[in-house]
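The values are calculated or read from the model by the stated rules, or taken from the named source; none is laboratory data. All of these numbers come straight from a predicted model, not from anything done at the bench. Cβ coordinates were reconstructed from backbone atoms using ideal geometry, including for glycine residues, and neighbour counts include every protein chain displayed.
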Ligand code: DX5
Ligand code: ZN
């Protein structure tokens, strides 16, 4: 198996010191940026201006997770700004195939996210246009919640579709990933692991990233 990717979520970092917080996890593969609009989810974080500044402050590729209404309108701006991967929610997108095309045309990888209760089956054809599938393992909106192991069935289903050549994408998981949960997610077939609290609440975030990567590699 390829080396697992670790994407620390800056939702758990100090928003007044984002450049330094990015630097503290310089060994991470991606930096996960949670954009929330207080409509799609009951929380408000940051938007494009902050992402633009962060892009100048770090060399780590940005993985922008848009928990917002009408991503059809807003997502391409993040790709144009230079985000590596831009993920939208299937529950919010009006035309997810068009969104993927717009994101790729703007030079980014396209990601599609499913909330814990959203099934995979109806979106297999749509996912053929995507580079990343983000499986939520908590209800989106807040960091520090408990991992929902029942979403691993969905991960296994996605893994099977990838391994049999029906889909070509990276499987990412987000929510409650820590030392105690990452192995089960890796066994189910996850390629990329988002971790907020487990990284930024650690004494040494860089060490926490390395430890998570080692555990995920098995
Ligand atoms: C939740 C966000 C997550 C969050 C994860 O809506 O999408 O990225 O930061 O935080 P932890 O790892 O603490 O569950
Ligand atoms: Zn996220």
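A few notes on this one:
- Subset tally (residues that are within 17 Å of the chain's Cα centre (by Cα) and outside any strand (DSSP E or B)) for segment 130-156: 18
- Residue selection: residue 39 satisfies the criterion of being modelled with pLDDT of 95 or more, away from ligand 2 (no atom under 16 Å from the Cβ) and outside any helix (DSSP H, G or I).
- Total residues in segment 62-82 satisfying the condition of being farther than 19 Å from residue 38 by Cα, within 16 Å of ligand 1 (Cβ to nearest atom) and without any contact (Cβ under 8 Å) to a residue 40 or more places away in the chain: the figure is 1.
- Of the numbered criteria (1) free of Cβ contacts under 8 Å to residues at least 40 places away in the same chain; (2) away from ligand 1 (no atom under 14 Å from the Cβ), the one residue 148 fails is (2).
- Unmet requirement for residue 153, which otherwise passes all of (1) over 17 Å from residue 27 (Cβ atoms); (2) surrounded by 15 or more Cβ atoms within 10 Å (Cβ to Cβ); (3) without any contact (Cβ under 8 Å) to a residue 40 or more places away in the chain: (2)
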